[in-house]
Structure formats: C-alpha cells, structure tokens
Amino acid sequence: MIDLQANLKAILKERGILQKNVALAMGVTDSAVSNWFKRNDEMKFSTITQICEKLNISIVDVVTYPKKYIPEEEINPTCEECKHKDEMIENLSELLRIYKKESKKK
C-alpha cells in the first residue's frame, strides 16, 4: 500500500518546508505536526489533502512519489509511454478512492 504520510514527509523535506511552517499553515501546534510525522498519530487523508492545498503540493505527486506527475500540456502525444496516461490517471484515482475509504474506517 502507498504510504502517503511518508511520501508527504519526504516531499516537504525535499522542498525545505519545516514542520513549523506546516503547523502555521494548518493552524495547529508544532507538536501536533511532529506527532503526525513521527506516527504517534495516524494522519487522516483529509489532513494530507489540506496540507497539500495549503502548501501548493499536488496530491498526485504525494501518491506517485518519488515519481513526478507530468502535467498534460507537457506530454508528447507521439510518446509511447504517454499514450497510457489516461489509464494511469484512472488507476491513480482508484487508489485515492480506496485509500480514502480505508482512512474513514480507522
């Protein structure tokens, strides 16, 4: 299963975004964010998406990490790999639906 929490943590580290900046953006304490990333508290899918929205991170990038999502306008239509983009996006959407459903069960 995709570890969105670990992926988000890695992306934040790559971008040099400190936990205190996440706390400020989310309106929570530094210790709350620390607990999320130390896995003392399981991070809800809705929390992950809110962090992404507030810090301008694509949820698709979090799901596909370490691979990067390529915007449609940058895709070469003659590229063989790119011909399967719709199928990959649909599979990704299904994974997000499953993860969200599993997160609600917890």
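Per the Debye formula on identical point scatterers at the alpha carbon atoms of the stretch 20-68, with no solvent, log10 I(q)/I(0) at q = 0.21 Å⁻¹ is -0.76. The residues packed around Ala6, meaning those with a beta-carbon under 12 Å from its beta-carbon, carry a net charge of +3 if Lys and Arg are +1 and Asp and Glu are -1. Residue separation of Tyr99 and Lys68 scaled by 0.36 nm, minus their Cα-Cα distance, works out to 9.2 nm of gained length.
Readers should treat all values here as calculations from the given coordinates under stated rules, not as data from a laboratory. This structure is a prediction, so every number in the text was calculated from the model and none was measured. Reconstructed Cβ throughout: ideal geometry from the backbone, glycine too, with neighbour counts over all protein chains shown.
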